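These notes are about the structure you will find just below.
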Amino acid sequence: VRASLAKAFRDFETAEPITAAPLVNGKLLDGAAHHIMSPVDSGEYVGTAVDASVDDVNAAFEIAIAAQPAWDARGGKARGAILRAMGDALEADMERLIVLMAREAGKTLNDGIAEVREAVDFCRYYAAQAEREFDSDVRLPGPAGETNHLGLKGRGVFVCISPWNFPLAIFTGQVAAALAAGNAVIAKPAEQTPLVAFEAVRLFQKAGLPASVLHFLPGTGEIIGAALTNDPRTQGVAFTGSTEVARAINRSLAARETAIAPLIAETGGLNGMFVDTTALREQVVDDAIMSAFGSAGQRCSALRIIFVPEDTADELIESLAGAMDELQLGDPMDPATDVGPVIDNEQRELLLRHMERMEAAAKVIKKIDDVELSERGFFFGPALVELPSLDMLDREVFGPILHVVRYKRRDVGAIARELAAKGYGLTLGIHSRLASFHRQIQSIVPAGNVYVNRNMVGAVVGVQPFGGEGLSGTGPKAGGPHYLHRFAGERTVTINIAAQGGDPEL
Ligand code: UN1
């Protein structure tokens, strides 16, 4: 892939810039346009976004509602075939998408490669499940003279709202799942990353998806997101983003007088890694560095707090700080770069404010220099901070900052309970060669994904179903066997055989 990326980059530079406009029933709509700037070189133009209006929301609902029954009636096999074609289309366009994500979202090449892979995997995984489960007619035993059938069907119009940190994979995954289950979809991409999402919609169409069942409405959460989730016609919402926004969506769904619609939410995490004295130090350091600083820490799965035993803490902290010197902060298009920029100035400011608090009340062990790079773009050098107590950190801080907390062996249960009490439950790392330690930590800390003696990011579709509990989301897990069911309705059909001449097949 790497060799062809240089060419893809040159092609991208000379190609017509992308305009991500609202797309309703395959028609591009007009509206207020603004430029999308690259986080790599602030002020560098990447493309244009056109915001949808509330009228566009209305138009999208009307068409989606009319089109959904026929889409559902096509059946799982036909829908699966289109999703498979989408997987192929993504693969064929891989290099261009990677370059676009590097420019628009500041994604490193390795992250871009993994992201296209994940988007493809989502399409194929949900396609396979739609083919296997959505055409099947499950017969249930019942009283003589009747037959009972249980089937799955689309719910109606699903709203998908996706984040900027996985602007292709999560956008595509949500939409693919909702479509696979027989819904029509209205998708709102993150404000920061509409361009790659728009390209994904184009590829869905190229793959043969009818324009009437996927509508694309870029815009702000305050206007377009709220209009979509307040709308009485919404039959379900898939959302990935902050815990606060998930709560607001939950409230707006509940306030409507219409359908009691499901919310499938994947939100934040305050993810811990518990290390004991039996852990292999090099392994811990490798896994902690990758989990905390990979993707510039901009993953909900990322490691935020490493808990280290008093006895080996000094050595481990020194090794972590040493390993941070090896991290290359820089242009995501450079294959040597490990850590690219954060998404925008607002995120960078949040991180800077957090560091001010840490400097005042905790101990900053290491901060990678970002002075020169931060003149160029939204770069933030990775930081390692020792917390005197867990009281100082209650909420997710989204970026490349790793916190360390020391514990005494006999207090590990207490510190694990303190973390559990924060209310999140996404990823959990455990580094130890003792099964009793694995069990103890797992019994206390809530987490949807537990990683033992390895890194904590990059869950693989179909193999490591991903999602959390508590403040981290509602489930079911993306890329797992139960996800699609939440997008679907179940229907039980009971037939009186006698009334149709005794023929059970009628
Ligand atoms: C997110 O960061 O919003 O396992 C969720 C992982 C990814 C995380 C995606 N699936 O790292």
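The values are calculated or read from the model by the stated rules, or taken from the named source; none is laboratory data. Remember, predicted model here, so these are calculated numbers, not experimental data. Note that we place each Cβ from the backbone using ideal geometry, even for glycine, and neighbour counts take in every protein chain shown. Note: accessible area is taken over every heavy atom of the protein model, side chains too, but ligands, DNA and RNA are not part of it. Shrake-Rupley method; radii C 1.70, N 1.55, O 1.52, S 1.80 Å.
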Env charge @ residue 238, Cβ radius under 12 Å, K,R +1 / D,E -1, value +2
Nearest 10, in degrees from 0 to 90: the angle of helix 435-444 to the longest Cα principal axis of the chain is 70 degrees
Note: the range 160-204 at 25 °C, 0.890 mPa s; Kirkwood Rh on alpha carbon pairs; Stokes-Einstein D in µm²/s works out to 239 µm²/s
Hydrodynamic radius by Kirkwood for the range 1-150, inverse mean 1/r across distinct Cα pairs, in Å, is 18.9 Å
With the 8 Å Cα cutoff and a minimum separation of six or more residues, the chain has a relative contact order in percent of 17 percent
Around residue 49 (Cβ within 13 Å, Cβ-to-Cβ, excluding residue 49; K/R +1, D/E -1) the net charge comes to -4
Measuring from the longest principal axis of the C-alpha atoms of the chain, the long axis of helix 243-255 (C-alpha) lies at a number of degrees, nearest 10, equal to 30 degrees
Asserting the computed 222 nm helical MRE of the chain (DSSP H runs at least 4 long, -39500 (n - 2.57) per run, divided by residue count, to nearest 500) equals -12500 deg cm²/dmol
Packing-ranked peptide list from 308-320, 488-500, highest mean Cβ count within 10 angstrom first, is 308-320, 488-500
Among 462, 451, 473, the residue whose Cα sits farthest towards the positive end of the charge dipole of the range 428-506, when +1 is placed on the Cβ of each Lys and Arg and -1 on the Cβ of each Asp and Glu, is 451
Heavy-atom accessible area of the range 413-506 with neighbours in place, 1.4 angstrom probe: carbon+sulfur share in percent works out to 53 percent
The rounded separation in angstrom of the Cα centers of the range 367-404 and the range 433-506 is 34 Å
Most packed first (mean Cβ within 10 Å per residue), the peptides 336-343, 422-429, 229-236, 357-364 order as 422-429, 336-343, 229-236, 357-364
Note: the range 180-280, point scatterers on Cα, Debye, no solvent; log10 I/I(0) at q = 0.18 Å⁻¹ equals -0.93
Across 5 Å bins beginning at 0, the whole-percent shares of Cα-Cα pair distances in the range 353-506 come to 2, 7, 11, 14, 14, 13, 10, 8, 5, 3, 3, 3, 2, 2, 2, 1, 0
Helix 169-180: inclination vs the chain longest Cα principal axis, degrees, rounded to 10, gives 20 degrees
So residue 496 and residue 439, fully extended at 0.36 nm per residue minus their Cα-Cα distance, gain in nm 15.3 nm
Subtracting the Cα-Cα distance of residue 88 and residue 2 from 0.36 nm times their residue separation yields 29.0 nm
The Cα extents of the range 1-90 along the principal axes, largest first and rounded to whole Å, are 46, 36, 19
In nm, the gap between the two label points placed 7 Å beyond Cα toward Cβ at residue 62 and residue 128 is 4.2 nm
Of the listed links 27/153; 188/477; 27/188, those spanning more than 19 angstrom between alpha carbons are 27/153; 188/477
Quick calc: nm separation of the 7 Å Cα→Cβ label points for residue 392 and residue 35 -> 4.0 nm
Expressed in nanometres to one decimal, the distance between label points 7 Å along Cα→Cβ at residue 371 and residue 205 is 5.0 nm
Magnitude of the Cβ-charge dipole (Lys and Arg +1, Asp and Glu -1) of the chain about the Cα centre, nearest 20 debye, reported as 1440 debye
Taking every other residue with Cβ under 12 Å from the Cβ of residue 471 and scoring Lys and Arg +1, Asp and Glu -1, one gets -2
Rounded to whole Å², per residue accessible area for the range 69-196 with a 1.4 Å probe reads 29 Å²
For the chain, the percent of all C-alpha pairs falling in each 20 Å bin, from 0 up to the bin holding the max distance, is 23, 52, 22, 3, 0
Excluding ligands, DNA and RNA, the carbon-plus-sulfur percentage of the accessible area of the range 326-375 with a 1.4 Å probe reads 43 percent
